[in-house]
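Asker: The structure that follows is given in the form of structure tokens.
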Amino acid sequence: MARPPPNPLYILRGSGDVVNTLHFCCDGQGPSLLYSGSGSGAIHVWNLTTRRPERVLESHSGNSVIWLQALKESSTLISQGRDMRMCVWDLSEGRGAVTDALFTGSVGFCQCSLLETQPGSTLLAHPTEHMEEVSVVEMKSWTQVCTLKPDLKLGMLMCMKMWQAESGPVLCAGYEDGSVILYDVSHRRLFSCLKAHTEPVMCLDVDVCRQKGVSGSSDNILQSWTIDDQRNLQMHGSVQLTNPGVSSARVRADGKILATAGWDNNVRVFGWKKLKPLAVLQHHTDMVNSVAFSDHQDPPQRLLAAASKDQRITVWSIYSES
Amino acid sequence: ASAGSKVPVRLQAGSCLRTLSTSRDPREIANSLSTLTRFLENGEFTRLHYTHTLQALVSARSCQWFSSSSDDDEVRRPWHEFVFTGPPDQTLLVLLDTISSTDECAGLDRCVSVLEKFLSVGRLEALLWSRCKVGGVCSDSSQLTETVVGHLAALPSITSNRLHTKTPDAFLPQQYYPLLATNILCMLEKTCQALRDGQDCSLGFVAQLLGKVCMQGYSSFIFETLVPRLSSLTRTDPLWQRVIQKLLEKIPERCMESVITGLIFNLRGAAAVSRLMGNLVVTNKKAQFVLTYKLVLQQYQHPTRLLKSLLGYLALNAERRPLLKQVLQSVCQVWCNSSAIKHTCVEQQLYVSKALLLCVALLNLSEIEELREEMLQCMLGGVQCRLDSNIERIRRMGMVVGECLSHRLDMPGSQLKFKYEPDEEIIELKSLMESIPTKDSEESEPEHQSDDTSRLQPESETSLTQSVTSQSGRDSDSELDSDDDLTPYDMSADQEKKKSAPPRYVRDCLEALMSSNDAERVELSLQAAEGLLRKNVKATQEVSVQFCKVLLHLDDRYNTEGFQVLRQNAMVALTVTDTKPVVEYLTTEFYSLNYSLRQRLDVLEVLALSAQELSEPITNKHTGAQPIAAVAARDQSDDITHWRQIVETRIQSKTRRISKSATQMVKAVPNRYASVAGSFIFPLLRNYDRSQVTFDLLGTDHLVLGRLLHTLGLLMHLAVNAPVASQMGRALLDFVWAVRFHTDQMVRRGVMFAVCAVFLSMPSDTLLTDLSDDLMETRAWLADVAENDCDTDCRSLAVQGLILLDKNLTTQLQLPDVET
């Protein structure tokens, strides 16, 4: 008989609204932190040692926060809200002020992607007022590096991820008609296009080391694909879910497991190599919006956090023994 | 010279005998013995005086000289020579007669040891051979031959009758008959040799002997040794085939059946049967009767293998093929006979079905065309009768055979196709049809296998293991890249999400079941129903009958998983919670118009299950059944009971108990069924003979009648110790009496079950007063069923009933004795 599924390590309550997005910051300097963005525009900074919110930032004039990321070096946080703005926060020494902001004009739900090419130089990919367009900007000056747009009609831009390849920054984007597109950012061209789903791509993540990615959609298929040497996307494997709808998928940094946030209130864990189903974490009573793995240096400390529409964040420790 | 020596032979033999009986000098004895041995060459002595001489020698009176000098080689050698070179048939008869007539003494022991020696030095073969040679001893009277055959065949019985537990192993059937078989083989070999040399031989004696042994039931011992050798000898040598076929022709008619049965049973494959039997079935009337009728239609204990060889044998030769058709015709007739289905046991029907399928499989297309009409009739009639049956095994048998036949008849577009769960029996039946293409290969390499299996098996095993290891090797290659280092958690809780929520109130549930078109809502309501009904007693009582009506009429429109069980559980919950009205409703509906058989059966099942639950003491399992008020009350007084419990446990732990037994007293609880048992049973007994347009309990709907009787039996049994039990029992017995000779076995099983239940549950005194008139008749009826019914279950239930009745009788009859 298989082991019963684990219970959450702890539960973070009190965000006061739907929790949309999560971001860990556990790089060793200072206490381990978890940022969460809620539907009422509040950004909670959770201290994982005390398990209490260290501070709450009111932002985006009460509009929903859909994406959060902290820069590695300085204690800077970037947030994206439904008010069509990006905010840059300075959190050093107890400050909590917006230092900079960018109007994107995007009305969709597509989350941004951040790439720190070298210290001090950071690229940000964000959706624009044109629904299928990606704009890549340099963070310091907000100078636009390029805009990327598919030649075909693929519908709205749904999700994306940018990373640094040998030839330069690469961006992977998922579209409303189920296509996943790989762009070469520096040459502003399209590497390859893959029709991964029949429904809109809701989320994707790429394991840069293994040149392999995964995308979830509003149907019940979780699809993984690989990027070959010629930068072509190829279907790799797929797994059928019991209930349709994946709102977030994350591969752990060690490339062992994959976690997905399901519309059926469950967090699912898969083996990353073959997408073997490993666990179904049942705790939330409403849709799970986001999952995130912590970036602890020490593997056994690595955590999995899930944010749900039921206003709670659950933190799990799973497959972290070895 | 012969006339001159005639007198001396008799006289000399007499004087020798006198010497032997009186003399104590070993030399003298030896001399007389050698003289006697010399006479063996004299035909007259062996024919007329040998028996007397030997009798005199072994008889108890003259034994002392032998026992006193038994270690003397000088005496022993001529004695052995005399006994073991003399005519073997006479020796055997004398020895056996002496053994059976002598009292226990040293003489008996000596006789036994001589007989043992007789068997071990191969005198049996000499005996058989002497009877086989034409112009040998076979000119004897048939009476003597008969005696010899009888003694040879019954040696184990004759000796063990006398010697009881001291019988030597060599005389036991397990050893003697194989020995006899080897001797027969040797003799047959000699016969073949003699025939090659142009001599005539007669096989009549051996045939008689074989027949006699088989008649006595020892065919398996004989044929186990004989048949494998014969089968391999006949494969190469046509002379052997002819000898064996002649031998079988000579078997006396009355022994034919047992010989042939034993032979076919031990032979592997139709080709072997054909080699040994030739066209015996065509030439010999008795053999034909046994093979084409008795073995197929009258007996059914034989393994399928025997049927295969038998029918294959018939199919192998053009002269015998008409017989195969004839067998098929008779089997068809039996198979589609509805009375045969009712009055023969299931095992025999299975056997006949197998025979039918085998026959059909062996026929070729032109023959099938010839018999097409007949087979079609047989198939349609037989399948229909079987589908009517109440016994699932018979129904399935009908379906399988029907499918196979229609497949073979190859009717375009109108092949039968049934839906059933395949089990072992069905797979076996189906395999009978499939085994036909491989038939030829089986024939071309016959029982080599039986000899070579031991050698072949390891090979196949190694190849198997090789393939396994290679497979596992491949697996491990592919496993290198798998996620197997991470063991999955239990994911059984991962189920599809339901859109709507389960109902929380009884009335909601009822409404959903009544009017909802939403499959999911109906399913959830059905799942929630039992729990809701048990938890909310008050609410349930308000709508119980209506709820029951809805459930009874509920169709499985959405193919809900576990529909029947859920529905039944809900109905049971209703019945248990609000017994009186619901039971009244169900029992009236059972006999009313416009219900399907399924619904009526459901009513019966629900009644039985409810009665069972009511009769059980209330356990923790059904805490939900307690009224909600009680639960609330307990909540209020929670802390009080809490401290009381703590004090209680402290006292328990501090108290030292001298006796341990009384700690776990079973608390008596009222039996909830006893008070309402009558309302379960009497309405069901009321209307059984009122035939309606849609429901004819005593006619075609015997399936329901069987279930009804069974349910009544159950209700009766559960009412044991209830005050109303005696009235119930009386009513039930009256009801049962009317249907006890029903033709359907399910109904009869139900009757038997009900009767047993009455005997078990009714107080014995009332049972006897009620039964007093019919007591003897009941007993006779039960005894008759126990003996003659074709259904095994009926028989065993009848025996059970008899035992119960007798037990009741004896307790009742003994009781006054004890009191007085």
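Asker: Checking A:D228 against (1) farther than 15 Å from A:K274 by Cβ; (2) touching a residue at least 24 places away in the same chain (Cβ under 8 Å), only one condition comes out false. Which one?
Answerer: Looking at each condition in turn, A:D228 falls short on (2).
Asker: Yes or no: A:V56 in contact with a Cys (Cβ under 7 Å, 6 or more places away or on another chain) and surrounded by fewer than 19 Cβ atoms within 10 Å (Cβ to Cβ)?
Answerer: In short, no.
Asker: Now for a separate question. Restricting to the stretch A:237-261, and then to whatever is among the basic types (K, R) and within 16 Å of the chain's Cα centre (by Cα), can you tell me which residue is modelled with the highest pLDDT?
Answerer: Out of the qualifying residues, it is A:R250.
Asker: Further question on the same structure: Restricting the search to the stretch B:573-621, which residues are within 41 Å of the chain's Cα centre (by Cα) and not in a helix (DSSP H, G or I)?
Answerer: B:Y591, B:Y595, B:S596, B:E616, B:P617
Asker: Within the stretch A:1-29, track down each residue that is within 14 Å of another protein chain (Cβ to nearest Cβ), surrounded by 14 or more Cβ atoms within 10 Å (Cβ to Cβ) and either out of contact with any Ser or Thr (no Cβ under 8 Å at 6 or more places or on another chain) or outside any loop (DSSP other than H, G, I, E, B) (or both).
Answerer: A:P5
Asker: Of everything in the stretch B:482-503 that's touching a residue at least 24 places away in the same chain (Cβ under 8 Å) and not small (G, A, S), which residue is nearest to the other protein chains (Cβ to nearest Cβ)?
Answerer: Once the filter is applied, the top-ranked residue is B:K498.
Asker: Taking A:S74 and the conditions (1) modelled with pLDDT under 90; (2) buried (at least 17 other Cβ atoms within 10 Å of the Cβ), which numbered condition does it fall short on, given that it satisfies the others?
Answerer: (2)
Asker: Restricting the search to the stretch A:258-274, which residues are more than 8 Å from chain B (Cβ to nearest Cβ) and assigned to a loop (DSSP other than H, G, I, E, B)?
Answerer: Answer for the stretch A:258-274, where residues must be more than 8 Å from chain B (Cβ to nearest Cβ) and assigned to a loop (DSSP other than H, G, I, E, B): just A:W263.
Asker: Note down all Cβ pairs under 8 Å where the first residue falls in the stretch B:554-572 and is closer than 30 Å to B:S615 by Cα, the second is part of a loop (DSSP other than H, G, I, E, B), and they're at least six residues apart or on different chains.
Answerer: Short answer, once both residue conditions are applied: B:F563/B:D556; B:Q564/B:D556; B:L566/B:T560; B:R567/B:L554.
Asker: Mind telling me which of the residues B:K354, B:K342 ends up being touching a Ser or Thr at 6+ places or on another chain (Cβ under 7 Å), closer than 30 Å to B:S414 by Cβ and surrounded by fewer than 19 Cβ atoms within 10 Å (Cβ to Cβ)?
Answerer: That would be B:K342, the only listed residue that is touching a Ser or Thr at 6+ places or on another chain (Cβ under 7 Å), closer than 30 Å to B:S414 by Cβ and surrounded by fewer than 19 Cβ atoms within 10 Å (Cβ to Cβ).
Asker: For the stretch B:323-341, what are the residues that are part of a helix (DSSP H, G or I) and of a type outside the set (S, T, N, Q)?
Answerer: If the condition is that a residue be part of a helix (DSSP H, G or I) and of a type outside the set (S, T, N, Q), then B:L323, B:L324, B:K325, B:V327, B:L328, B:V331, B:C332, B:V334, B:W335, B:A340, B:I341 are the ones that fit.
Asker: Between B:V704, B:V736, which is at pLDDT below 90, within 21 Å of B:T769 (Cβ to Cβ) and either buried (at least 22 other Cβ atoms within 10 Å of the Cβ) or of a type outside the set (F, W, Y) (or both)?
Answerer: That would be B:V736, the only listed residue that is at pLDDT below 90, within 21 Å of B:T769 (Cβ to Cβ) and either buried (at least 22 other Cβ atoms within 10 Å of the Cβ) or of a type outside the set (F, W, Y) (or both).
Asker: Only residues that are acidic (D, E) and farther than 17 Å from A:A70 by Cβ: list them for the stretch A:98-157, please.
Answerer: A:E129, A:E132, A:E133, A:E138, A:D151
Asker: Here's another thing I want to ask about it. Please enumerate the residues belonging to the stretch A:179-236 that are small (G, A, S) and within 20 Å of the chain's Cα centre (by Cα).
Answerer: Hits for the stretch A:179-236 are A:S179, A:A196, A:G213, A:S215, A:G216, A:S217, A:S218, A:S224.
Asker: When you scan the stretch B:717-820 for helices (runs of 4 or more DSSP H) that lie fully inside it, which ones turn up with 2 or more residues that are under 35 Å from the mean Cα position of the chain (by Cα)?
Answerer: B:725-739, B:745-761, B:775-788, B:792-819
Asker: Tell me, please, whether a residue that is under 27 Å from A:P4 (Cβ atoms), within 12 Å of chain B (Cβ to nearest Cβ) and in a strand (DSSP E or B) can be found in the stretch A:214-221.
Answerer: no
Asker: Any idea which of (1) at pLDDT 90 or above; (2) closer than 26 Å to B:R268 by Cβ is the one B:R396 doesn't satisfy?
Answerer: (2)
Asker: Being outside any loop (DSSP other than H, G, I, E, B), of a type outside the set (G, A, S) and within 22 Å of A:N289 (Cα to Cα) is the filter here, so list the residues in the stretch A:103-162 that pass it.
Answerer: If the condition is that a residue be outside any loop (DSSP other than H, G, I, E, B), of a type outside the set (G, A, S) and within 22 Å of A:N289 (Cα to Cα), then A:L114, A:H126, A:P127, A:L157, A:M158, A:C159, A:M160, A:K161, A:M162 are the ones that fit.
Asker: Another question about this same structure. Every residue in the stretch A:275-298 that is without any contact (Cβ under 8 Å) to a residue 60 or more places away in the chain and more than 14 Å from chain B (Cβ to nearest Cβ), please.
Answerer: A:D298
Asker: Can you find even one residue in the stretch B:223-244 that is not in a helix (DSSP H, G or I) and not charged (D, E, K, R)?
Answerer: no
Asker: In addition: Evaluate the following for A:S247: is it part of a strand (DSSP E or B), in contact (Cβ under 8 Å) with a residue 40 or more places away in the chain, more than 14 Å from every other protein chain (Cβ to nearest Cβ) and not basic (K, R)?
Answerer: yes
Asker: Related question: Is it true that B:C332 is touching a Cys at 6+ places or on another chain (Cβ under 7 Å) and either among the β-branched types (V, I, T) or buried (at least 18 other Cβ atoms within 10 Å of the Cβ) (or both)?
Answerer: Spelling it out, B:C332 is indeed touching a Cys at 6+ places or on another chain (Cβ under 7 Å) and either among the β-branched types (V, I, T) or buried (at least 18 other Cβ atoms within 10 Å of the Cβ) (or both).
Asker: Is at least one residue of the stretch B:301-317 farther than 30 Å from B:M399 by Cα and assigned to a helix (DSSP H, G or I)?
Answerer: So far as the stretch B:301-317 goes, no, none of its residues is farther than 30 Å from B:M399 by Cα and assigned to a helix (DSSP H, G or I).
The values are calculated or read from the model by the stated rules, or taken from the named source; none is laboratory data. Just so you know, these numbers come straight off a predicted model, no measurement behind them. Backbone-built Cβ (ideal geometry, glycine too); neighbour counts: all protein chains shown.
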